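*Asks:* What follows is a single structure, and I will ask about it in a moment.
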Amino acid sequence: MTNTPEGRVREERYNAAEIEPRWQRIWDDEAAFVAPKGNPDAPYYVLEMFPYPSGRIHMGHVRNYTQGDVIARYKRAKGHTVLHPMGWDAFGMPAENAAFERKSHPAKWTYANIDAMRSQLKRLGPAIDWSREFATCDPSYYGKQQALFLEMLEAGLVYRKNATVNWDPVDCTVLANEQVIDGRGWRSGAMVERRELTQWFFKITEFAEELLDGLDDLKNWPDKVRLMQANWIGRSSGLTAQFTRTDCDDTIAVYTTRPDTLYGASFVAIAADHPLAKSLAESDPKVADFCKKCAVLGTSEEALEKTEKRGLDTGLSVCNPLVPDMKLPVYIANFVLMDYGTGAVFGCPAHDQRDLDFARKYGLNVTPVVLPAGADPDDVTIDAEAYTGPGTVFNSGPLDGMAVEEAKTKAIEIAEEKGWGAGATTFRLRDWGVSRQRYWGCPIPVVHCPTCGVVPAAKQDLPITLPDDVTFDTPGNPLDRHPTWRQTTCPKCGGDALRETDTLDTFVDSSWYFLRFAGLDKDAPFDSAAANHWMPVDQYIGGIEHAILHLLYARFFTRALQRCGLTEHSEPFKRLFTLGMVCHETYQAGDGRWVMPEEVDKSGDKAVLRETGEALTVGRSEKMSKSKKNVIDPDDIIAQYGADVARWFVLSDSPPERDFLWSDVGLEGSWRFIQRVWRVAGQCLDACSEDISEKPAALSDGALALHKHTHKAIDAVSKALEGMQFNKAVAAMNSFVNGIDTGISGDGAAWAVREAADTLARLIGPMAPHLAEELWAELGHDDRLYRAPWPQVDPAMLEEDTVTIAIQIRGKLRDTIDVPKDLDKALVEERALAQPKITAAIDGQTVRKVIVVPNRIVNVVI
RNA sequence: GCCCACGUGGCGGAAUUGGUAGACGCAAGGGACUUAAAAUCCCUCGAUCUUUUUGAUCGUGCCGGUUCGAGUCCGGCCGUGGGCACCA
């Protein structure tokens, strides 16, 4: 028992239930984490991807927000002024589904979820600036988003065109890809059709080049994310060529990245929604039928690509423009995408696997035109595998003898000279369709006027708010059915007009929220000066599942708003860290229903339902999800062990970028560690001195050893936190605490113990902040730990004067020796070869070579 | 199908980025303390063989390669996960 400075009696155990809420109140009362207005020095913006308010916080959130919090607290200790806000990505389908299932309004459901999740989150004690909190479904947010939409419309970055959607013919509603299961609507079970609607698009393709080139400057993004984005944008260079029909003068524009293989062409294929296919379908029922079959797959690329490649011969043929006497049949094919290139391709089966499969299926020619190095031109056969490697072009008239790249350039040159084609750079990236036929989203601020056409809403009419009096008992968009909401007047002519009833894709909501956090403003979408000061986000943290879409859209939005003059930055996120997911095994009862882990009793590999003893099937560990009920509620853990134990645990085991396999047993270990810190700190309090300001002139061996131990811990923990290797920071803290010896004596012993205790509190501060503040107060500090600076390493204390060197013989470890650090290579070699185990192993054989790596290893080659 | 990752003891993982594989933790086993339990502390802990120790061989998903030396680099497989544009 130790008396604390405040006269309280120190408890035997760390009492989370008492200590944690107390510190949370103090932080709150002191507005500890509210970022200052104005332009503070050394700004640091930490942001975790904001959550969708699905109902309850799950361990994935705990992991994400704890990691962001460690960075926020660490950067503050390092002297930064930190902005660490929180909000809610609150529009989306689940709220409408809940409305449909429970007959409650999406807004009510969403705000109730936000309240529940906010209080759960606060129990973790995060250093968040709650004064900037907002939800994207607040009219004060989405109204500003409508203003941004109008800005972008004015800047020519928004337009309308037709696009295909999944149409459920029974429910008469548009379905998300997620709602299409095996080609059927999830509720009606009807076969889904593709249907064309006029929709709003953002011109992201106008930024394709700069979004691609900009990746090179994002040095602190994971390489894999940059690569995925580069592939997604997909720049390719090739040729757009006109293939003239043999029956008339019309041409079909074909895009290819392989103009070098034009002599190997054996067919032309067009998309089922190509204008030519559509016009053929009008007169030919066989074509119409085939096109209709192509349309039942839904709109996802995965579904299209996985389906069997099929084609229909239209009976038409075209001339190969490079080889005028070569006639090619024209097919309609289900694998050609209207959205990419020109919606038409030529097939060269010898050098493209998909084309080869197609040619084999429909009995088309296979003519090799690229010769691999060393192959015999008279003996080239293509069987089941197309040749896609480098080589020399042959069988190809003017291109003969050229290397592939050279032949591509030459073919484009000929096309441009003769006028039947032109070199073209194409992107895989498509414009971003943002229209959604749903209620729970941001209304698109335009008006349809019978006389003026599509007219932007007047800025003074914003926000255009969602009506509250809607019902979800019938499928489809309630805004369409609302008796009065649509009716308005045209901002241009003042006549009767109708509002747009589509709402914006929820990805729009999350494409600029970081700007509003930084420059929260009553009137503007964001205060540009404030946003420019905080932006770009210094550290962005979130799930790897957002590697492409969310991150690309946010990058696009930032550039688009820069063009509109609203921000000076072109990239939103300076440093990105992507997290793995939290997984748990699943439990399923005989009737197929899923069972929550808390209802299960497990012994070995067997699991039973606790209440009834019914046997359960144990499934593999996968991403925690509501649908499979394999979720752990953090509230139970916080109630039982406390927030710091929960935080410590999610930081401890897996490296953050890897998936985290949940296990309850690990929690006990974290609990023991927190208790251990409490006990060791208590021992320190008994043995330490009050005054730490002056380092004593002399230190006993024990004091010096502890002093060194402390500085090694500072070094290890700092490096781990800088690299976001929280599991390594935890390991370093374990070693530190294990090695704090309070039983030392002699010169400076009390000082060294005091230094260790202070350092202990500071180093665990970012990870276990409640415990750390409590220890800091116990140590008699007047000020708060959250305002205390990070400890500094004395580099001299990290030096060792001896090193252990491994001695290998032909790469196999035979012995180790301790030598003075930086000992001369020749001396190291001499000593190594003199070791009895080494002489015995060499056993008189000739030593051919000795490799000496300073301070590390000696390898003897015999 | 395409793009991107990942794969190390019973388990989570570490390995100074090509240099002693298994740090740290969990689980397990043994012991101390205790009337007992909890808590705490100490010891053992990749596999096989051998041995009192010493030691030997194998070992980082599989097959091959580069190197004095490979968990790390290269090529080819297998498996798992993420994304595929209307899930967020």
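*Asks:* If you line up the long axis of helix A:223-233 against the longest principal axis of chain A, both from Cα atoms, how many degrees apart are they, to the nearest 10?
*Replies:* That helix lies at roughly 10 degrees to the long axis.
*Asks:* May I ask you to list the residues of region A:532-557 whose amide nitrogen lies under 14 Å from a point 7 Å from Cα along the Cα→beta-carbon direction of A:Asn220?
*Replies:* A:534-541
*Asks:* Give the residue list of trypsin sites (Lys or Arg not before Pro) in region A:632-695 that are DSSP loop and have at most 14 other beta-carbon atoms within 10 angstrom.
*Replies:* Within region A:632-695, the qualifying trypsin sites (Lys or Arg not before Pro) (loop, at most 14 other Cβ atoms within 10 Å) are A:Arg658.
*Asks:* Turning to a different aspect of this structure: Of all accessible surface on region A:5-105 at a 1.4 Å probe, what whole percent is carbon and sulfur?
*Replies:* Here it works out to 50 percent.
*Asks:* Let me ask you something else. Quick check on region A:98-156: take the gyration tensor over C-alpha atoms, sort the square-rooted eigenvalues as a ≥ b ≥ c, and tell me if it's rounded (a/c under 1.5), prolate or oblate.
*Replies:* In terms of gyration-tensor shape, oblate.
*Asks:* OK, next. Before I look further, what does chain A give for accessible area per residue, probe 1.4 Å, in whole square angstrom?
*Replies:* 45 Å²
*Asks:* Where the only charges are on Cβ atoms (+1 Lys, Arg; -1 Asp, Glu), what is the dipole of chain A about its Cα centre, to the nearest 20 debye?
*Replies:* The dipole magnitude comes to about 500 debye.
*Asks:* Return one quarter of the surface area of the convex hull spanned by the alpha-carbon atoms of region A:27-174, equal to its mean projected area, in nm².
*Replies:* Mean projected area for region A:27-174: 12.8 nm², to one decimal.
*Asks:* Would you grab the residues whose amide H sits under 5 Å from the one on A:Thr81? Only those 5+ places off in sequence or on another chain, please, with H modelled 1.01 Å from N.
*Replies:* Those qualifying (amide H under 5 Å, at least 5 residues apart or on another chain) are A:Tyr44.
*Asks:* Hey, got the Cα dimensions of region A:478-532 along the principal axes, in Å, largest first?
*Replies:* 41, 26, 15
*Asks:* Another one. Shape of region A:4-113 from its Cα gyration tensor (a ≥ b ≥ c, root eigenvalues): rounded if a/c is under 1.5, otherwise prolate when a/b > b/c, or oblate?
*Replies:* Verdict is oblate for region A:4-113.
*Asks:* If Lys and Arg each add +1 and Asp and Glu each add -1, what is the summed charge of the other residues whose beta carbon sits under 9 Å from the beta carbon of A:Leu685?
*Replies:* Net charge around A:Leu685: -1.
*Asks:* A further question follows. Identify all aspartates and glutamates with a Cα-Cα distance to A:Lys219 below 15 Å; exclude those on the same chain that are fewer than 8 residues away in sequence.
*Replies:* A:Asp538, A:Glu571
*Asks:* Another question, then. For region A:410-515, what is the convex hull (Cα atoms) projected area averaged across all directions, in square nanometres?
*Replies:* Averaging across all directions leaves 12.5 nm² for the Cα convex hull.
*Asks:* Return an integer: the convex hull volume of the alpha-carbon atoms of region A:742-834, in Å³ per residue.
*Replies:* Enclosed volume per residue, from the Cα hull, is 190 Å³.
*Asks:* Can you sort A:Met724, A:Met191 by 1.4 Å-probe accessible area, starting with the largest?
*Replies:* Ranking A:Met724, A:Met191 by accessible area, largest first, yields A:Met191, A:Met724.
*Asks:* Less than 21 Å apart at the alpha-carbon level, and either on another chain or at least 8 residues along: which lysines does that give for A:Lys825?
*Replies:* A:Lys812, A:Lys837, A:Lys849
*Asks:* What residues qualify as long-range amide H neighbours of A:Thr816, i.e. H under 5 Å apart, gap of 5 or more or another chain, H built at 1.01 Å from N?
*Replies:* Amide H neighbours of A:Thr816: A:Ile807.
*Asks:* So, one more: Could you tell me what % of all Cα pairs in region A:675-801 have separations over 22 Å?
*Replies:* 29 percent
*Asks:* Residues with beta-carbon under 10 Å from that of A:Phe33, excluding A:Phe33: net charge, scoring Lys, Arg +1 and Asp, Glu -1?
*Replies:* -2
*Asks:* Explain nothing, just compute: Karplus ³J(HN,Hα) = 6.51 cos²θ - 1.76 cosθ + 1.60, θ = phi - 60°, for every residue of region A:349-357 in order, whole Hz, x for Gly and Pro.
*Replies:* Running phi through 6.51 cos²θ - 1.76 cosθ + 1.60 with θ = phi - 60° gives x, 5, 10, 8, 5, 5, 5, 5, 4 Hz.
*Asks:* Based on the mean of other Cβ atoms within 10 Å per residue, sort peptides A:424-434, A:780-790 so the most packed one is first.
*Replies:* So the peptides A:424-434, A:780-790, ranked by packing, come out A:424-434, A:780-790.
*Asks:* Next question. Hey, what's the Kirkwood Rh for region A:168-249 if you take every pair of different alpha carbons, in angstrom?
*Replies:* For region A:168-249, the Kirkwood estimate is 17.4 Å.
*Asks:* In nm, give the distance between the simple-model label positions of A:Glu657 and A:Glu413, each being 7 Å from the Cα along the Cα-to-Cβ direction.
*Replies:* Once both label points are built, they end up 4.4 nm from each other.
*Asks:* Modelling each spin label as a point 7 Å along the Cα-to-Cβ direction, I'd like the A:Thr846/A:Thr804 distance in nm, to one decimal.
*Replies:* Computed distance between label sites A:Thr846 and A:Thr804 equals 3.6 nm.
*Asks:* Next question. Please give the helix A:769-778 orientation as an angle from the longest Cα principal axis of chain A, in degrees from 0 to 90, rounded to the nearest 10.
*Replies:* Roughly 20 degrees between the two axes.
*Asks:* Further question: Rg and Dmax of chain A, using alpha carbons, in Å: what are they?
*Replies:* So, for chain A, Rg and Dmax equal 33.8, 106 Å respectively.
*Asks:* What does the charge count near A:Glu151 come to, summing +1 for each Lys or Arg and -1 for each Asp or Glu among other residues with Cβ under 11 Å from its Cβ?
*Replies:* +2
*Asks:* Still on this structure: Would you mind checking the radius of gyration and Dmax of region A:375-419 based on alpha-carbon positions, in Å?
*Replies:* In order Rg, Dmax, the Cα atoms of region A:375-419 give 12.5, 37 Å.
*Asks:* Extending each Cα 7 Å along its Cβ direction at A:Arg354 and A:Val861, get the distance between those two points in nm, one decimal.
*Replies:* Roughly 5.0 nm, to one decimal.
The values are calculated or read from the model by the stated rules, or taken from the named source; none is laboratory data. Everything numeric here is computed off the predicted structure, so don't read it as measured data. All Cβ positions, even for glycine, are placed from backbone atoms using ideal geometry, and neighbour counts span all protein chains on display. Surface accessibility is based on the protein's heavy atoms, side chains included, excluding ligands, DNA and RNA. Shrake-Rupley method; radii C 1.70, N 1.55, O 1.52, S 1.80 Å.
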